[in-house]
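Below is one structure; the comments refer to it alone.
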Amino acid sequence: MQMAIPVLLISMLLFFVLFFGIGFLLNMLLRMTWIMAIIYPVIAILIIDKVNFSEYFTNPGSSFTSLGKSVSRLAAADITILASGLAGAILSGVTMRVLRAKGYRMF
């Protein structure tokens, strides 16, 4: 199914803002700069794959095979949207580092 350019751009912006905001809040609360960048791949796997998360530990062979097939079937638009979410998560960590370096003790 084709995705229109405006829908793609809005989706990218929403994922970027969503994960930047979540990362910013988690960084403020937990004071762990890169927590969202570490958690984001788990969230992306939950979005991409339809396998229960516990099956990655109980039945890793078929779970990771299913994940590989799901990732290989992603469209370019889906990859772009997920990449913009990762960029938002990473940029939230960079923003925290800059704010802490400038002396903002809350961050």
### Query
Does the stretch 24-35 include one or more residues that are out of contact with any Cys (no Cβ under 7 Å at 6 or more places or on another chain) and exposed (fewer than 12 other Cβ atoms within 10 Å of the Cβ)?
yes
#### Entry: Odd one out for Ser66, checked against (1) without any contact (Cβ under 8 Å) to a residue 12 or more places away in the chain; (2) part of a helix (DSSP H, G or I)
(1)
### Task
For Ile38, work out the one condition from (1) closer than 19 Å to Met96 by Cβ; (2) among the hydrophobic types (A, V, I, L, M, F, W, C); (3) surrounded by 13 or more Cβ atoms within 10 Å (Cβ to Cβ); (4) at pLDDT below 95 it doesn't fulfil.
(3)
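Residues are listed down the side, and each one gets a yes or a no for (1) closer than 13 Å to Ala37 by Cβ; (2) crowded, with 16+ Cβ neighbours inside 10 Å; (3) modelled with pLDDT of 90 or more; (4) not hydroxyl-bearing (Ser, Thr, Tyr):
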residue: Phe57; (1), (2), (3), (4): no, no, yes, yes
residue: Gly68; (1), (2), (3), (4): no, no, yes, yes
residue: Val71; (1), (2), (3), (4): no, no, yes, yes
residue: Gly85; (1), (2), (3), (4): yes, yes, yes, yes
residue: Thr95; (1), (2), (3), (4): yes, yes, yes, no
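The values are calculated or read from the model by the stated rules, or taken from the named source; none is laboratory data. These numbers were taken from a predicted model, which means no experiment stands behind them. With ideal geometry, Cβ positions are generated from the backbone for all residues, glycine too; neighbour counts draw on all protein chains shown.
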